[in-house]
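Engineer: Below: one structure in structure tokens.
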Amino acid sequence: MKKSFKFFLSIFILAILVVGAGFADGYHVCVASYKKLDNAESMIKKLEKQSVAALVSENKVKNQSFYRVLLSKEFKKIQDARKYRDEVKNYSFAKELGLKDFWVCESEKIVLRNQLVKITTDLPQPAKVAPAPAPKKVVEEKLVPKAKPAPVPVPVPVPLPIPQEPEVKTIAPVEDAKSVAPLPIIVPIPQPEPELPVEEEPETPEDPEEIPEPEDVIEPEAPAEELPVIVVEEPKTLGANEKAVLSEKNPYSVIVRSYKYEQFAENDSARLKELGFEPYILKTFDDKEFFAFNIHVGAFASLDEAEELNSQFADAGIPDTMVSDYNEIKENLQKYDDVILQESVSFDNGQYEIPTCVPESIAKLVKQFPANKDFPIQEITIIDYDNYLAVRDKPNLSSELRAYLEEEEGLHSALLAKCRDELYRKEVSVFFANADQHKEDDILGEFENMQFGATDGVFDCVLYENDGELVLSGTNISEKMCVKIKTRDFSKEEFINLLIDSFNDGSLSLYPQMRRTFYVLPDKNPDDEREFIIFNFKKVGEEYASDRNYAEWAVPIVGHSLAKSYFYDSNSLLCIGFYDLDYDFNAKNVHAHFTEAKNTTEITETNKPVSVNGIEGWYLLNPKQKEVSFSTKSYVIAIDTEPTSVLSKDDLIKVGTDLKIWDSGSDAGADFDAK
């Protein structure tokens, strides 16, 4: 009888554990609640677009099911969850998705997890523990004061970086740099639900005392008819100048910065407002340089007043501002409005899905890149190093990238980026790699141990100074990833704040120029032999035009982007070149100069017009290359290979049609919209 009782008791306990496995035992931040699961699933997909990991929990109140959308980070203590709730309110994904009410709750039955296998991590798996070096003296960890949130962050809701309290050390042997073992990354294993008060849905009970309301947890009532969340999209066409601030009576102002892309101007204009200035944007058009978007401050009758204001920018750490005279720019202001009146000038926001032509090791780097919208990319190289070593004909690498690649052991993929804050004229470089082993830095001097949370675990880092340069070097051992970020333009405190903002933002998809170049590369096609090798991107400088004697087609390209992607196809090196000129007007007019020049030559089988997906293009074969070029949207695109390549004209045209630039339904999102 006793054995039988024990057997049934074991079965009963096992059943409880099995049922409990579908439930979570901690606290989460809830961002939305719906009566329909479809609406919750829709929100999950929108969060995916922002690289935010989330899940859906089913909760029942008086037999009515509510589907809560929860951020996947789980907390054991409600106080920690409340603190996290207050932090994520400031994240820009909340504004992008129109989310205002956040609350803390216990998740009940999990009905849908964010399927981000290719975008970010899934919910916690069994605990991963990073291997630690031999035990040495351990430094007690403490929190560094939290940095102020970035003006317009686009965060991944992951643990905020936890820099350890700066413990200054002076080391003699190099190996002392390892004196602090990486902390194990402990992922909580689901347990049966504790007997805690369950937070009920905010429907008013018939008896007010029937369902006690937990402290500080207020869940908004579901609307009578649920409407889909509206994502605010950036405009698709340029608008005219607003009512003039400047005039002949008050002609003087300070021009702070000039941009080729309006969203960059709006972003930095918002930052100036936070500093107490009152900026406005004037849009101009020049017959040679085309569009410019200029941030101005002030409107004065006298030059002296403008000069006095100009001096304030230097005091605020913003260099290279200058006084502007309305009488010198009013013609270009009018030209801009005339162009916009005569034709619609549109721009495309690119794609958000990483192209499947790149390996998973590159996809991880792209998803976890420490991005910061205040630091647009000036240059970046993304390389599949395994393929690079395997092919016969190799594209050239910069000496800086080559030095990084030679440092790591078992390296599979890497990227090297240079980013610049145009407002403050400050720069950082980022090396990010997937490698079997990471070579430890040779540190001679003081250093600090820090940790930064990312979508796939934690980076254990050291921060140190080397010859006037601040360096953050770290590894995520479980994901075989390493990062090195360098700058000469920041104090240590400023650099730490930048790192916090950047690791929170995450993903190259933050940058519209990346979405319009790297993200539109062709997906993997089993019928093709194309193998990705390298993607290069750079902002075009003034030297581009001067090297070409300021040719009529070269001048408008300055300030925009040039990207080249190299593939190996049928034993030949294939290059897809993008001139991304931000607006269709620019691309159309620049390409017209190309075709006009070619039309003056004799039309032959090796020099003739072709059609690329219904767009007029040009085919050229000469002793240097075999090329198909065309223009669509903001692009001027050239696809070329060696003149002796087995790839035909039709093969090159097919590459053009495979680019993900033809979708009229490409996802739009105003990632660079000002707050």
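The values are calculated or read from the model by the stated rules, or taken from the named source; none is laboratory data. Because the structure is a prediction, the values reported are computed rather than measured. Virtual Cβ from ideal backbone geometry, glycine too; neighbours counted across all protein chains shown. Just so you know, the surface numbers come from the protein's heavy atoms only, side chains and all, with ligands and any DNA or RNA stripped out. Shrake-Rupley method; radii C 1.70, N 1.55, O 1.52, S 1.80 Å.
Engineer: So for region 252-301, considering every pair of alpha-carbon atoms, how many percent are separated by more than 18 Å?
Structural biologist: 29
Engineer: Place the peptides 70-81, 289-300 in order of packing, highest mean first, counting for every residue the other Cβ atoms within 10 Å and averaging per peptide.
Structural biologist: With the highest mean Cβ count within 10 Å placed first, the list reads 289-300, 70-81.
Engineer: Tell me the per residue accessible area of region 296-337 using a 1.4 Å probe; a whole number in Å² is fine.
Structural biologist: 55
Engineer: Using packing as a proxy for protection, rank 455-463, 612-620 so that the peptide with the highest average count of other Cβ atoms within 10 Å comes first.
Structural biologist: Ranked by mean Cβ neighbours within 10 Å, highest first: 455-463, 612-620.
Engineer: Another one. For region 480-565, what is the charge dipole size about the Cα centre, in debye to the nearest 20, if Lys and Arg each add +1 at the Cβ and Asp and Glu each add -1 at the Cβ?
Structural biologist: My answer is approximately 240 debye.
Engineer: Something else about it: I need to check one value: relative contact order of region 40-88, counting alpha carbon pairs closer than 8 Å and at least 6 residues apart, in percent.
Structural biologist: It rounds to 28 percent for region 40-88.
Engineer: State the percentage of accessible surface on region 332-371 attributable to carbon and sulfur atoms; use a 1.4 Å probe and exclude ligands, DNA and RNA.
Structural biologist: Solvent-exposed carbon and sulfur of region 332-371 make up 48 percent of the total.
Engineer: In Å², what does the accessible area per residue of region 551-667 work out to with a 1.4 Å probe?
Structural biologist: Per-residue value: 40 Å².
Engineer: By per-residue mean of other Cβ atoms within 10 Å, what is the highest-first order of 252-260, 422-430?
Structural biologist: Ranking the peptides 252-260, 422-430 by packing returns 252-260, 422-430.
Engineer: Give the carbon-plus-sulfur fraction of the accessible surface of region 555-659 in %, rounded to a whole number; probe 1.4 Å, heavy atoms of protein chains only.
Structural biologist: Carbon and sulfur together cover 53 percent of it.
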